[in-house]
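Below is one structure, written out as structure tokens; the observations come after it.
Coordinate-derived values only; no laboratory data. Model, not experiment: these values are computed from the prediction. Here Cβ is always computed from backbone atoms with ideal geometry, including for glycine, and neighbour counts include all displayed protein chains.
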Amino acid sequence: MNDSVLAFQHLTPEQMLDAVENCGVRCDGRFLALNSYENRVYQIGVEDGAPVVAKFYRPERWTDEEILEEHQYTLELAEAEVPVIAPISVNKQRTLCHDASFRFSLYPCRGGRAPELDNSDHLEMLGRFVGRMHVVGASKSYCFRPAVSLDNYIYWPSQFLLEHHFIPSHVEEAWTSLIDVILRQVKNCYDRAGDVADLRLHGDLHHGNVLWTDDGPHVVDFDDARTGPAIQDIWMFLSGDRQYQTARLADFLDGYTRFVDFNPSELHLIEALRSMRMVYHAGWLGSRWQDPAFPAAFPWFNSNKYWEQLILDLKEQSALMDEEPLIWN
């Protein structure tokens, strides 16, 4: 079992509360574990104040420089009055705290509900939010954060799964031949898209990372912040059949283009990015399988049924990548 798993196993409530108090926060002893698998996230009660959220980073996943670059982007967004949940600066100096072998950051505690993705007003407002976010994202570049790439999203996950014998023997040949096809088709999608600009992204912008309130959305969890095309922060809000996706895309871009131009050539990348995410997700689950939290949360992973279904789903994606992209007028 690797060090990152052992580290989380030994992150006790006492250690967690002591670490937060060492940052000058007077805890009242109450804490609540929040839904997070990659990291460990807790709502912490504070004496005579509002609770805070403490996010303990998985060891060895990101360097300090990569974490701080994510923090810097969210702080820039907050300064531009884009509604994101940015980290708290401890003693008005640092956002990344160290305690023994752990690194963590503190955030204000905010609530909300998921957006209604079939609501045109919600989609238009989300588009305005993401457009404003991308204006800031395009103002400078990440130096340390990774990119949305074939290496990170297909080559590495597929090789990891094969080398660690996650792929059942009876579908291994089908998997390897299908990955070759997917790779070729993703490259073709990028070729059809042509010259696409990259910018700083949220990177994992799905409805679960958007908290909706009566005043509109605010976004959390920039942990997967990356460099990539704008469509990466858009396509996860689009699902269903072609007609439905087209309507939702129009709603979203009505808001988005009030703040920033959109290159319609990026629509060639939607199904490519969806395919890449499916392979990446399987590799991510495999790479975390020794963490006891993962078999408990994803009991269906690593079963014959899972791999057979994933191959079928990727075959559908293969067909979709050969179709014409969505149309936006």
Those aspartates and glutamates that a straight Cα-Cα span of less than 18 Å connects to K315, excepting residues fewer than 8 apart in one chain: E172, E173, D180, D241, E271, E323, E324
Express the Stokes-Einstein translational diffusion coefficient of the stretch 2-140 in µm² s⁻¹, to the nearest whole number, given a Kirkwood radius over alpha-carbon pairs, 10 °C and a viscosity of 1.306 mPa s. 96
Whole-Hz ³J(HN,Hα) for each residue in the stretch 120-127, computed from phi via Karplus 6.51 cos²θ - 1.76 cosθ + 1.60 with θ = phi - 60°, x for glycine and proline: what do you get? 5, 5, 5, 5, 5, 5, 4, x
With Rg from the Cα atoms and Rh as the Kirkwood inverse mean 1/r over Cα pairs, the chain has an Rg/Rh of 0.97
Separation of the stretch 232-275 and the stretch 22-37 by C-alpha centroid, Å? 37
Report relative contact order for the chain in percent, whole number only (criteria: Cα-Cα under 8 Å, sequence separation at least 6). 19
Would you mind finding the longest exposed-site-free stretch of the chain, with exposed GluC sites (Glu not before Pro) meaning DSSP loop and at most 12 other Cβ atoms within 10 Å? 117-322
What does a probe at E47 reach in the stretch 86-120, counting residues whose amide N is under 18 Å from the point 7 Å along Cα→Cβ? 91
Expected vector for the stretch 27-41, Karplus 3J(HN,Hα) from phi with 6.51, -1.76, 1.60 and θ = phi - 60°, integer Hz, x for Gly and Pro, equals 6, 9, x, 8, 8, 9, 6, 9, 5, 7, 9, 5, 10, 10, 10
If you rank M276, M133, M125 by fewest surrounding Cβ atoms within 10 Å, what's the result? M125, M276, M133
Given the rule -39500 (n - 2.57) for each run of at least 4 DSSP H residues, summed and divided by the residues of the chain, what is its mean residue ellipticity at 222 nm, to the nearest 500 deg cm²/dmol? -13500 deg cm²/dmol
If r is the Cβ-Cβ distance from A319 to S149 and R0 is 25 Å, what FRET efficiency results, to the nearest 0.05? 0.60
Per residue and in cubic angstrom, what volume does the convex hull of the Cα atoms of the stretch 215-329 have? 150
Please work out the FRET efficiency for the pair D224 and E21, using the Cβ-Cβ distance as r and a Förster radius of 35 Å; give the result to the nearest 0.05. 0.75
Distribution of pairwise C-alpha distances over the stretch 225-273, 5 Å bins, in %: 4, 18, 33, 28, 12, 3, 0
Under a crude label model (7 Å from the Cα following the beta-carbon direction), how far is A197 from K140 in nanometres? 1.8
Using the per-residue mean of other Cβ atoms lying within 10 Å as a proxy for protection, in what order, highest first, do the peptides 39-46, 222-229, 177-184, 300-307 fall? 222-229, 39-46, 177-184, 300-307
For L75 and H165, extending 7 Å from Cα along the Cα-Cβ vector and measuring point to point gives, in nm, a value of 4.8
